1. What is the one condition in (1) surrounded by 10 or more Cβ atoms within 10 Å (Cβ to Cβ); (2) free of Cβ contacts under 8 Å to residues at least 60 places away in the same chain; (3) not in a helix (DSSP H, G or I) that Lys59 does not satisfy?
2. Say whether the condition of being part of a strand (DSSP E or B), among the small types (Gly, Ala, Ser) and either touching a Phe, Trp or Tyr at 6+ places or on another chain (Cβ under 9 Å) or farther than 17 Å from Glu87 by Cα (or both) is met by at least one residue in region 67-74.
3. Check Thr84, Thr49 and return the single one that is touching a Ser or Thr at 6+ places or on another chain (Cβ under 7 Å) and assigned to a strand (DSSP E or B).
4. Going by what's in this entry, would Asp24 be described as on the phi < 0 side of the Ramachandran plot and either crowded, with 17+ Cβ neighbours inside 10 Å or modelled with pLDDT of 95 or more (or both)?
5. Given the structure, is Ile15 more than 18 Å from Trp95 (Cα to Cα) and outside any loop (DSSP other than H, G, I, E, B)?
6. I'm checking my understanding of the structure. Among residues of region 40-69 that are hydroxyl-bearing (Ser, Thr, Tyr) and more than 13 Å from Pro91 (Cβ to Cβ), which one is modelled with the lowest pLDDT?
7. Looking at region 67-95 only, could you name the residues that are of a type outside the set (Phe, Trp, Tyr), over 29 Å from Ile15 (Cα atoms) and touching a strand residue (DSSP E or B) at 6+ places or on another chain (Cβ under 7 Å)?
8. Can you confirm whether Pro37 is surrounded by fewer than 18 Cβ atoms within 10 Å (Cβ to Cβ), under 13 Å from the mean Cα position of the chain (by Cα) and not in a helix (DSSP H, G or I)?
Amino acid sequence: MGIINQSKNIIQGHINEWFNLSEDLSSKRIAICKKCPLYRQNTPGLGETCDRRKWLDPKTNDVSLEKKDGYIRGCGCRLRAKTTLPETMCPAFKW
């Protein structure tokens with residue numbers, strides 16, 4: 001995804017969040033996120049995020065603080081905004 005498309009998605013996600021658009025979709029995805037080891041509840045100034053400091057093996061849910069083969073890094077996104085975008089995906093393919 002190019003930087004312009006990524007920027008548009010970030011802006012659209014915040015607009016959706018502010019105006020409670022795609023609230024049903026977001027609620028379902030947030031429920032999935034809360035069960036994931038990459039979920040970080042209280043990131044200062046951001047709220048709920050996908051923890052960029054961690055790596056996850058999507059097959060076993062094993063977590064590492066270091067990059068390993070087959071592990072996926074948390075995206076670092078604010079989940080309340082990202083989960084409102086139907087075309088976005090979880091980095092660990094959970095939604």
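1. (1)
2. no
3. Values: Thr84 fails: assigned to a strand (DSSP E or B).
Matching residue, one of Thr84, Thr49: Thr49.
4. no
5. yes
6. We begin by selecting, within region 40-69, every residue hydroxyl-bearing (Ser, Thr, Tyr); these are 43, 49, 60, 64.
Among the residues that remain, those that are also more than 13 Å from Pro91 (Cβ to Cβ) are: 43, 60, 64.
On the way: Thr43: 75, Thr60: 95, Ser64: 98.
Step by step, filter region 40-69, then rank; the result is Thr43.
7. Matches in region 67-95: Lys67, Lys68.
8. Yes: the conditions hold for Pro37.
The values are calculated or read from the model by the stated rules, or taken from the named source; none is laboratory data. Since the structure is predicted, the reported quantities are computational estimates derived from the model, not experimental observations. For neighbour counting, all protein chains shown are included, and Cβ atoms are generated from backbone atoms with ideal geometry for every residue, glycine included.
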